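The values are calculated or read from the model by the stated rules, or taken from the named source; none is laboratory data. Note that the structure is predicted; figures quoted are calculated from it, not measured. Note: ideal-geometry Cβ built from the backbone for every residue, glycine included; neighbour counts use all protein chains shown.
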Amino acid sequence: MKEGNKEKNFNVKLSMKEKISYAGGDTACNIVFAMTSTLLTLFYTDYIGVNPATIGMVMLISRVFDGGSDVIMGIITEHTHSKYGKARPWVLWMAVPYAVSGILLFTIPAGASQMVKTIYIFVTYNLVTTIIYTALNLPYGTLASLMTRDQNERAVTNVLRMSLSPIGRILATSCMLPLVSFFGNDQRAWVITSAIFCILAMILLFICFFNTEERVHIEAADQMEVPVKDGLLALVHNKYWFMSLALWGILSIYSTVIGVDLAYYCKYILGNQNYTSLIYGAEQAVMIVGILILPALIPRFGKRNLALSGSLLVIAAQLLFLINPYSYPLAIVSSGLKGLGEAPLFGVIFSFIADSVEYGQWKTHIRQEGMIFSAASVGSKLGSGLSSAAVGGILAAAGYVSSSSGATTQAQSAINAISGIYIFAPVVIWGVAVIVLLFYKLDKMYPDIMKELEEREARGEL
């Protein structure tokens, strides 16, 4: 390869230390993400006494802002130039603000009026999700495509990322409620618990920054200034970016809907709020195991085929739960099977996005890692916001009453809404994933695309 293009570094093999350090960054990202997309609604309704419809509307409006901030952050990332690179420095710059803002989510003035509480929730929720999480997570995701261009190395790195990613969700979703109970089961307990998790996240982000390196620098791309309009038009012509956006959004919708509704389902249907930790933990633990075996399966079956088969397994596992939706043991079994089915798509989603970078360069002669990762995350952010708002709106319309003032007997309509969401939403959500994956053909095209790109870049072209 040509020295001037620095291509000798493109296909570097990454050390296990670098891969794990990078993967730990997603554990950190998912600690606060899980708190905002799952248990935060329960905290707002049952500990602070805010109406679920109000929370849903705040989250929906915030996600609209959040989607716009993703595109802006993609542009900022593309134009960042520092001695650490263009994506990696943001992991360092955002580590401390990320931890502090995560704690602020739970410091709502308890005795304030509903209006003051709503304003505080809106400001802090947007500070975390729209600004800080966006400025951290999008460059972090872009970093994987800049560490190496070797498809197998990148796939293994992203698989490790997604195997450690659920640990952040497990810590937040499975361990938070027991710790809140341990510290007194009040607002102060939530603040203490969130501080523990946020400090841990900050440490993991520092480890990620200090043990990773940006290596992929394509001279023709570095010298090209792509106008924002042209960059957006290039996205429109990248069908595999659209599919990646849709699949990331589907994963976000599923995680949010089940994460939010599961606590209510365990509390009011299964009769024990602490079942939330065990059911969610079973799903996530099996998913981690499933993701870890993906590197051995991907070369033989392909990313798309594994993701499609897994999606069908999730649907089958959820239908199994219909045998007795009031059974806690069956809920554990069903969740474990769903975790196994979710593993392939969760494990390869960021490889799908990274592959769409190469497809976009091949198709449009424009390379835009930051823009592609940031714009794809719009699907995730809007999916999470819309689903949070939908769950909150459905519960409010069904007559859900906050239990912040003590034990509350819910109306049968509210019980039916909680049950219906948990039982039927996964079938619909993963059914859409199956449809999208049936049209995904990039795995077969990728080797020929990379061969042509190497020939172009050897001539100094994109």
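Points to keep in mind about this one:
- A single entry from VAL314, VAL289 fulfils the requirement of being among the aliphatic types (A, V, I, L, M), assigned to a helix (DSSP H, G or I) and buried (at least 20 other Cβ atoms within 10 Å of the Cβ): VAL314.
- The lone exception for VAL236 - which of (1) β-branched (Val, Ile, Thr); (2) touching a residue at least 40 places away in the same chain (Cβ under 8 Å); (3) surrounded by fewer than 18 Cβ atoms within 10 Å (Cβ to Cβ) it fails: (2)
- The stretch 36-84, subset hydrophobic (A, V, I, L, M, F, W, C), closer than 22 Å to ALA376 by Cα and under 20 Å from the mean Cα position of the chain (by Cα), residue surrounded by the most Cβ atoms within 10 Å (Cβ to Cβ): MET59
- Residue among ALA112, ALA99 that is surrounded by fewer than 23 Cβ atoms within 10 Å (Cβ to Cβ), of a type in the set (Gly, Ala, Ser) and either farther than 25 Å from ALA195 by Cβ or touching a helix residue (DSSP H, G or I) at 6+ places or on another chain (Cβ under 8 Å) (or both): ALA112
- Within the stretch 132-153, tally of residues that are in contact with a Ser or Thr (Cβ under 7 Å, 6 or more places away or on another chain) and more than 22 Å from LEU92 (Cα to Cα): 0
- Given (1) outside any helix (DSSP H, G or I); (2) closer than 30 Å to GLY231 by Cα, index of the condition PHE350 fails: (1)
- Among the residues of the stretch 262-308, just one is modelled with pLDDT under 90, aliphatic (A, V, I, L, M) and within 22 Å of SER387 (Cβ to Cβ), namely ALA263.
- Of the helices (runs of 4 or more DSSP H) lying entirely inside the stretch 129-240, those containing at least 2 residues that are within 30 Å of ALA296 (Cα to Cα) are 134-147, 151-182, 187-210.
- Any chance ILE170 is touching a residue at least 24 places away in the same chain (Cβ under 8 Å), out of contact with any Pro (no Cβ under 9 Å at 6 or more places or on another chain) and either of a type in the set (D, E, K, R) or within 27 Å of ILE48 (Cα to Cα) (or both): yes
- Flag for TYR440 being aromatic (Phe, Trp, Tyr), within 30 Å of the chain's Cα centre (by Cα) and in a loop (DSSP other than H, G, I, E, B): yes
- Filtered residue count, the stretch 385-414, keeping only those that are at pLDDT 85 or above and within 13 Å of THR41 (Cβ to Cβ): 8
- Any hit, the stretch 241-248, residues being over 22 Å from the mean Cα position of the chain (by Cα) and farther than 20 Å from ILE170 by Cβ: no
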